[in-house]
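Student: Questions regarding the structure given below will be posed in turn.
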């Protein structure tokens, strides 16, 4: 009897197969973990395919979520075949390809299947700033015709798909990322009168553009401001950023925290959060800092204008503008009332529009709706 019950759950549960390029400490991957953990129910189950590398954050999903690492190489012609075999074996009710790097191989594997599980594609951002390459735009138009449901994380990234690829706006839904507002909440009040601490969270990669922030902080220090800068994250730019701080003579004011497990604790050590990125779609780091009640200064990329309501809930500046970042930060450094007001407003903004509960509910509705469309 017990075996029969287990089999009944196995075959009637809505099985969502998530396909991701990698499974590291990226915003997309961590948001996926929040969604899967939030959708724990007897009638919905999940499995994950990681196309490249190992499941670095595999422990975040729980033992009941199978993870298949394909260890694919560049231009791996066998990947669609291997995906086809996996999909055929696992029989998902819905396949969810996350970001462009996961889309072509999944679509190709699914193309030769009958019946076909419904396919969802979600766009979470590009690897670098700028316009999507022509070949990728052309391929995306074909892939869109093979995809049942398309969504992205912000109105800004929705416009990217419409303007650069030509996907009709009516086909693209928006599900913003959500923040756990109990975990990311204001910490103990920092004592007034001490050194002001500015910080950011993100991989040390060119697109995150921490060099802009280091240059800005150097200008602030040279003007007599007593501040420190703390950078959380690892990446290939670390040595270059250390050299830049040394070259500007502020190495004693710049601290590299490396990978941080307890992000709320790191944020509680800050007075001001800065996002200097040259490209984002819907930055989790910014939302988490806002949820912690930090005043924020961020470059106008992706959905930043949307999240901060064009400056109502934080300071927005042009991308790659050192002077603009310096001007934004000096106002916050010198005015504690401004910091307190913007921090409280930022927290309220997240509670109103960007909670994890709202995000999970929208994902659940989407998966149930798409799965009901049936196999093609």
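Student: Check whether at least one residue in region 107-124 is within 21 Å of the chain's Cα centre (by Cα), part of a loop (DSSP other than H, G, I, E, B) and buried (at least 21 other Cβ atoms within 10 Å of the Cβ), and report yes or no.
Tutor: So far as region 107-124 goes, yes, one or more of its residues are within 21 Å of the chain's Cα centre (by Cα), part of a loop (DSSP other than H, G, I, E, B) and buried (at least 21 other Cβ atoms within 10 Å of the Cβ).
Student: Same structure, new question: Scan region 256-289 residue by residue and report those that are in a loop (DSSP other than H, G, I, E, B) and over 17 Å from residue 238 (Cβ atoms).
Tutor: Scanning region 256-289 gives 261, 262, 269, 270, 271, 278, 279, 280, 281, 282, 283.
Student: I'm trying to understand the selection: among the residues of region 324-333, which are under 13 Å from residue 223 (Cα atoms) and touching a residue at least 60 places away in the same chain (Cβ under 8 Å)?
Tutor: 326, 329, 330, 333
Student: In region 84-106, which residue that is closer than 14 Å to residue 47 by Cα and under 21 Å from the mean Cα position of the chain (by Cα) is surrounded by the fewest Cβ atoms within 10 Å (Cβ to Cβ)?
Tutor: Only one residue tops the list, namely 98.
Student: Please state which one of 254, 316 is surrounded by fewer than 24 Cβ atoms within 10 Å (Cβ to Cβ) and within 21 Å of the chain's Cα centre (by Cα).
Tutor: Numbers: 254 fails: within 21 Å of the chain's Cα centre (by Cα).
Residue meeting the stated conditions: 316.
Student: Further question on the same structure: For the condition modelled with pLDDT of 90 or more and surrounded by fewer than 16 Cβ atoms within 10 Å (Cβ to Cβ), what is the one hit in 138, 161? First the steps, then the outcome.
Tutor: Working: 161 fails: surrounded by fewer than 16 Cβ atoms within 10 Å (Cβ to Cβ).
Result: 138 is the single residue among 138, 161 that is modelled with pLDDT of 90 or more and surrounded by fewer than 16 Cβ atoms within 10 Å (Cβ to Cβ).
Student: I've got another one for you. When both residues are 6+ apart or on different chains and their Cβ atoms are under 7 Å apart, which pairs have a first residue that lies in region 226-253 and is without any contact (Cβ under 8 Å) to a residue 12 or more places away in the chain, and a second that is outside any loop (DSSP other than H, G, I, E, B) and surrounded by 18 or more Cβ atoms within 10 Å (Cβ to Cβ)?
Tutor: Going by the 7 Å Cβ cut-off, the qualifying pairs are 251/245.
Student: Would you check which residues across region 322-361 are in a loop (DSSP other than H, G, I, E, B) and either surrounded by 19 or more Cβ atoms within 10 Å (Cβ to Cβ) or touching a helix residue (DSSP H, G or I) at 6+ places or on another chain (Cβ under 8 Å) (or both) and list them?
Tutor: We begin by selecting, within region 322-361, every residue in a loop (DSSP other than H, G, I, E, B); these are 335, 354.
Of everything in region 322-361, just one residue is in a loop (DSSP other than H, G, I, E, B) and either surrounded by 19 or more Cβ atoms within 10 Å (Cβ to Cβ) or touching a helix residue (DSSP H, G or I) at 6+ places or on another chain (Cβ under 8 Å) (or both), namely 354.
Student: Quick check on residue 211: is it out of contact with any strand residue (DSSP E or B) (no Cβ under 9 Å at 6 or more places or on another chain), assigned to a helix (DSSP H, G or I) and within 27 Å of residue 291 (Cβ to Cβ)?
Tutor: Yes; evaluated as a whole, the condition is true for this residue.
Student: Which residues, taken from region 290-303, are under 20 Å from residue 322 (Cα atoms) and assigned to a loop (DSSP other than H, G, I, E, B)?
Tutor: 295, 300, 301, 302
The values are calculated or read from the model by the stated rules, or taken from the named source; none is laboratory data. Worth saying up front: this structure is predicted, and the values here are computed from it rather than measured. All Cβ positions, glycine included, derive from the backbone under ideal geometry; neighbour counts span all protein chains shown.
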